[in-house]
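Read through the structure below, which is laid out as structure tokens, and then see the notes.
The values are calculated or read from the model by the stated rules, or taken from the named source; none is laboratory data. The shown structure was predicted, so the numbers you read here are calculated from the model rather than taken from an experiment. Cβ coordinates were reconstructed from backbone atoms using ideal geometry, including for glycine residues, and neighbour counts include every protein chain displayed. Accessible surface is based on the protein model in full, side chains and every heavy atom, while ligands, DNA and RNA are left aside. Shrake-Rupley method; radii C 1.70, N 1.55, O 1.52, S 1.80 Å.
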Amino acid sequence: MTKILIDGTEVDVPADYTLLQACEIAGAEIPRFCFHERLSIAGNCRMCLVELKGAPKPVASCAYAVKDCRPGPNGEPPEVLTRSGTTKKAREGVMEFLLINHPLDCPICDQGGHCDLQDQAMAYGVDSTRYSENKRAVEEKYIGPLVRTAMNRCIHCTRCVRFLAEVAGVPDLGAIGRGEDMEITSYLEQAMGSELQGNVADLCPVGALVHLPQSYNVRPWELHKTESVDVMDAVGSAIRIDARGREVMQIEPRINEEINEEWISDKTRHVVDGLRLQRLDRPFLRENGRLRPASWGEAFSAIAARVKSVDPARVGALVGDLAGAEEIFALKQLMGALGVTNLDARQTAEAIDPAWGRAAYTFAPTIPGIEQADAILIVGANPRTEASLLNVRIRKRWRMAPVSIGLILDEQPDLTYPYTYLGAGTDTLASIAKGEHSFLDVLKKAERPLILVGEGGLGALAAAAALAKDVGAVAEGWNGFGVLNTAAARVGALDLGFVPGQGGLTFTQMLEPGALDVVFNLGADERVIGPGAFVIYQGTHGDAGASRADVILPGAAYTEKSATYVNLEGRVQMANRAGFPPGDAREDWAILRALSDVLGKRLPYDSLAALRKAMYAEHPHLAAVGQIEPADAAGTLDTLAALPGEGAKGAFSSPIADFYLTNPIARASRVLAECSSLARGRALEAAE
């Protein structure tokens, strides 16, 4: 530790800290534009200048290390002044230069109200300019459908360039020209290809890069803000939902060091218009082959008439990818009261059985734990499309220090970091386990090996678990075996035991023509139910599930209800309501509670609080919001490794065919449809 004086306050800081970090520890506020805690140091805006005693001129605190400071003539600690006249004059000079070419766009700029330049100009700007020449003019750039440019405002902080190159791993933006002629642009002004590109607009300290879909629509002071969690994948990113009245206007990231740091994917951010389009806002009933609007009473009566005339063995219930734990719990209780055992929530993960233990279906290493791994084997997963923010952590681990990464998949995707392609499927995994492949030595030599099994590789879960045991992936202080789920509802449903009971049918079996007479479908839209069944669809959008339904019950989207979700780590999180469902739509648990009355199997709760009390009584770990219930990883690994049979043969393929269109809300979004079209075009160009 090194002693340093900051505005007369002595603090002890590590020698490798920068002066900016030392000043923040001392409580001094340092303005900055180019500096960002998660990006490399550029030192090119100079707004963070401070006076360092003994230095001939003010120094850039973001790029000047404490260890480089000289002590006083008598050995006194180095002294830094952040509020001196010299410091203030230097910052005012920097601000004057920044504003020389900056247009007077504040009244029409989308950054107005949360603009760093606007805020700092209030402190260090002057009311006139000494610059009489014409302002610099820069042509606008096309960089895709998600980010709009106004490059006249650019102050060349290069945050966007560094983010895409360092965090996203897709260097879509760069600088051309020098000095005043420098411009930020994409290669040949093509659309950016990163699935995290929307974050550059958050990083931009001025209005040079703004979110195109939200342009000219809203001002920050018009919005009420609600903290929630994302359900577009199983990562459970922390988000803030900004709404104006009943309408969600934008979704922004929240800082959560344990999960998404401060980034979110473009699908998470720009699904907003999908929340408004193709919504189900009233019950529907199919008559003579056509759906017609109906009242709740008519819909419930039709359901009751059909259910009461059918043997419970011919009734089934399916749960989709976006359902909260509360409605899953209510549906399970209702099915239990009816004597139904055909239950399943595993749309693409039927190889998982919760009876094997919680470590069999969660990512036990945890997302921050990835940074501790020194060898990684990815089996049957494309983390970039299945869990973008988890992929960011793997890239972060690779950037921290060299790490060996192996991939077994039927394709060789760009994961934004180098990896060794080992093969396509079960034969490759078997050859590694037998020692016929050199990657086995890599895993055995590693102190903390990590084996990540995606949904595409669940058929070989036993073989992957046996390999994990062999290489010591689970040991004292380290759990390196994890399953990567892709659906926000999956882990919560498995925790609640929403799987077939004794003699019950699986998800796939229930889809077969004639397998069941009645199917309750709670938002499962990724697979189509075969003919012959009377389908009750409870969901939010007119997607595949609604088109197959005989009765439609309109539910609430994740922004319109308070619901519990369990992310891929097994971390319990709470989504909060930012608005209300449209029309006659209601929260899903309330629909099931009302339906239970009509079916003569009344559920024993009349409020969300009472439902949660009952749910917590049966599953206490769901009450620990933000926590991960410890699992017996070693015992689960033994169970998995001892499973009979050789598992599925063949190649492993990722369940995500199109990153942007993975659920009904995303498929309703025009913005994400355009992103999907561009992504397909890039894939075709690459294939040629």
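At-a-glance table
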quantity	calculated
Check on residue 580, in contact with a strand residue (DSSP E or B) (Cβ under 6 Å, 6 or more places away or on another chain) and touching a residue at least 24 places away in the same chain (Cβ under 8 Å)	no
Test: residue in segment 654-674 that is closer than 28 Å to residue 379 by Cβ and β-branched (Val, Ile, Thr)	yes
Within segment 637-666, considering residues that are outside any loop (DSSP other than H, G, I, E, B) and in contact with a strand residue (DSSP E or B) (Cβ under 8 Å, 6 or more places away or on another chain), the one surrounded by the fewest Cβ atoms within 10 Å (Cβ to Cβ)	651
Identity of the residue in segment 6-34, over 30 Å from residue 200 (Cα atoms) and of a type in the set (Asp, Glu), that ends up least open to solvent (accessible area, probe 1.4 Å)	7
Qualifying position, being modelled with pLDDT of 95 or more and out of contact with any Lys or Arg (no Cβ under 8 Å at 6 or more places or on another chain), among 230, 242	230
Among the candidates 206, 235, residue that is within 26 Å of residue 151 (Cβ to Cβ), open to solvent by less than 10 Å² (accessible area, probe 1.4 Å) and either outside any loop (DSSP other than H, G, I, E, B) or of a type outside the set (Asp, Glu) (or both)	206
Strands (runs of 3 or more DSSP E) wholly inside segment 248-322 that include at least 1 residues being surrounded by fewer than 20 Cβ atoms within 10 Å (Cβ to Cβ)	284-287, 290-293
Positions within segment 118-174 being among the β-branched types (Val, Ile, Thr), under 26 Å from the mean Cα position of the chain (by Cα) and at negative phi, in sequence order	143, 147, 149, 161, 167, 170
Enumeration of residues in segment 178-203 that are outside any strand (DSSP E or B), farther than 20 Å from residue 38 by Cβ and not acidic (Asp, Glu)	178, 179, 182, 187, 188, 190, 191, 193
Neighbours by Cβ (under 8 Å, 6+ apart or cross-chain): first from segment 599-620, within 18 Å of residue 336 (Cβ to Cβ); second modelled with pLDDT of 95 or more and loosely packed, with under 13 Cβ neighbours inside 10 Å	605/613
Near pairs, Cβ below 6 angstrom, 6+ apart or cross-chain, from segment 364-376 (under 21 Å from residue 445 (Cα atoms)) to any residue that is of a type in the set (Lys, Arg) and open to solvent by 10 Å² or more (accessible area, probe 1.4 Å)	370/397; 371/397; 372/448; 373/448; 374/448
Meets criteria (of a type in the set (A, V, I, L, M) and open to solvent by 40 Å² or more (accessible area, probe 1.4 Å)) for residue 176	yes
Residue under evaluation residue 102, criteria (1) crowded, with 19+ Cβ neighbours inside 10 Å; (2) in contact with a strand residue (DSSP E or B) (Cβ under 9 Å, 6 or more places away or on another chain), criterion not met	(2)
Single match in 585, 590 (criterion: at pLDDT 95 or above, assigned to a loop (DSSP other than H, G, I, E, B) and crowded, with 19+ Cβ neighbours inside 10 Å)	585
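Here is a yes/no grid of residues against (1) over 21 Å from the mean Cα position of the chain (by Cα); (2) open to solvent by less than 10 Å² (accessible area, probe 1.4 Å); (3) among the hydrophobic types (A, V, I, L, M, F, W, C):
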site	(1), (2), (3)
482	no, yes, no
492	no, yes, no
502	yes, no, no
508	yes, no, no
512	yes, no, no
524	no, yes, yes
528	yes, no, yes
567	no, yes, no
570	no, yes, no
